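Please treat every number below as a calculation from the coordinates, not as lab data. Given the structure is predicted, the values throughout are model-derived calculations rather than measurements. Virtual Cβ from ideal backbone geometry, glycine too; neighbours counted across all protein chains shown.
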Amino acid sequence: MNNNLMMTEQIIFTLQLIQIDFFTAFGLFTFLYFLFSIFIKNPIIKKVDEETNRFISFIGIVYLILWIIGIFVQLNVLPQEEKTELLNRMFGKYWFGIWIQPLLWVLITQLLRFKAIRKNIFLRIFFSILLMISIERMIIITIMFHRDYLPSSWTMYNEVDIYPSNLALSLFLKVIMFLVSTGIFYLINNKLRGLKLYRENNN
């Protein structure tokens, strides 16, 4: 039981990590890409954009798999009464509260596999906004700007201080880490393709 609880916590943490450090970072990168592409006409920038789209599509699949595993693990851990309540929420009158947000993220990341969508500025920007601002974040932002809340209490997910200076630095670092992750993904893919070609040539 304890192992299942730990696994559930790890899955939830990983899903939040993907949301904040990958989906959000990709959205920010998209805005920066279109901004820089106006002034800089360089094929390298386009290549980087192509790789980030491939990477975020892969991350979307990872997110879906983890989300599904998390649901099954949680159903296995919860007592019967809470399990029944969760199933009612998943398939009952307000089912969309559970399904829409994660499936929307997965759908967006998979649509980016298509070149026509990747090249459409308006769709890319719209998708980036949807990846960056979830329903939960919209609620958090609304609460933060409520008159009863002071600036000293402005935090997001109880982790990210959203004072303007710290926010800018945090977002910049997220984009950098996203690009580093994309680079690692690119190198691994190239290595795997090289191994595949090597085996094909030697068979």
As a quick test, which of the pairs Lys46/Lys174; Lys46/Lys119; Lys47/Lys115; Lys174/Lys196 have an alpha carbon distance above 22 angstrom in this structure?
Lys174/Lys196
Taking the Cα-to-Cβ direction at Phe114 and at Asn88 and moving 7 Å from each Cα, how far apart do the two end points lie in nm?
4.0
For Glu82, Glu51, Glu200, what's the fewest-to-most ordering of other Cβ within 10 Å of each Cβ?
Glu200, Glu82, Glu51
At R0 = 30 Å the Cβ-Cβ FRET efficiency linking Ile100 and Ser170, nearest 0.05, sits at 0.65
Choose one of Gln74, Phe22, Leu111: the residue whose Cα lies farthest towards the positive end of the charge dipole of region 1-115 (beta-carbon charges +1 Lys, Arg; -1 Asp, Glu; about the Cα centre).
Leu111
